[in-house]
1. Report, in degrees rounded to the nearest 10, the 0 to 90 angle that the Cα long axis of helix 52-70 makes with the longest principal axis of the chain.
2. Shape verdict for region 77-152, please, from the Cα gyration tensor: rounded (a/c under 1.5), prolate (a/b greater than b/c) or oblate.
3. Mind checking the angle between helix 213-224 and the chain's longest principal axis? C-alpha axes, 0 to 90 degrees, to the nearest 10.
4. Let me check against my output: what whole-number percent is the relative contact order of region 1-127, with C-alpha pairs under 8 Å and at least 6 apart?
5. Normalised by the number of residues in the chain, what is the relative contact order in percent for Cα pairs under 8 Å and 6+ residues apart?
6. Averaged over all directions, how much area does the convex hull of the C-alpha atoms of region 51-115 cover when projected, in nm²?
7. How are the C-alpha pair distances of region 1-152 spread across 10 Å bins, as whole percents from the shortest bin up?
8. Order the peptides 198-210, 81-93 from the highest to the lowest mean number of other Cβ atoms within 10 Å of their residues.
């Protein structure tokens with residue numbers, strides 16, 4: 001669900017869902033609260049414009065279609081709630097959040113391929129509100145994951161991660177500075193100065209502010225002389241690089 005929507009079976013083949021609303025129901029079920037969705041909430045999110053009996057009937061029909069496509073074991077339902085069995089259905093958005101909580105920055109970053117349900121929309125206002133909240137939550141989490149991953153990288157890996165980070169948060173000034181330092185350390189002063197210009201333009205456009213003095217000083221140093229190779233980031237909390245051993249669950 002990160003970067004679009006795709007449903008696959010255990011054999012890796014695509015499972016087709018005929019309607020947008022059915023895809024939205026799958027997304028909601030995959031991201032259900034720990035105790036499952038109360039049926040009233042699902043009907044309000046997806047069929048809020050219908051009367052109660054019609055909405056409940058639409059939900060029953062949707063759940064029946066999912067049982068036919070996914071199998072009975074995939075769904076856990078009763079008269080009050082509905083959710084997926086986590087042992088039968090996995091979702092990249094859920095796994096991404098789990099890896100981030102476990103501080104497995106590299107694995108989590110690899111899973112985040114774009115906004116939640118990118119390209120998926122429904123006219124229902126309640127669903128649109130839920131989707132905006134979830135997209136924002138996961139995007140903010142991705143920014144944090146990439147920022148932590150960047151702290152342990154150097155060279156081309158760091159450049160790639162910093163560029164991804166700026167795609168999510170173009171006005172993140174400290175990331176612009178990282179890229180400026182990286183380009184300058186490679187001897188590419190022209191690209192470093194272009195990055196400063198991108199930083200200045202993004203801050204003015206998005207926040208209406210000027211770069212911080214540290215960024216201005218960095219730009220001036222590059223303009224007046226060839227910059228000596230510099231560390232990617234200043235040491236933080238006594239850490240100097242990627243020496244810490246991580247144990248990430250699979």
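What follows is calculated from the coordinates using simple rules that are stated; it is not laboratory data. This one's a predicted model, so the numbers in the text were calculated from it and none came from an experiment. When we count neighbours, we look across all protein chains shown, and the Cβ atoms used for this are built from the backbone with ideal geometry, even at glycine.
1. It is inclined by approximately 70 degrees.
2. Values: a/c = 2.71, a/b = 1.47, b/c = 1.84.
Since a/c reaches 1.5 but b/c is at least a/b, the shape of region 77-152 is classed as oblate.
3. Helix 213-224 and the main axis of the chain meet at about 50 degrees.
4. Numbers: 136 pairs, mean separation 52.1, N = 127.
About 41 percent, as a whole number.
5. Numbers: 273 pairs, mean separation 45.1, N = 250.
For the chain, the relative contact order is 18 percent.
6. On the way: hull surface 25.3 nm².
So the Cα hull casts an average projection of 6.3 nm².
7. 10, 39, 35, 13, 3, 0
8. On the way: 198-210: 14.0, 81-93: 16.6.
Final packing ranking: 81-93, 198-210.
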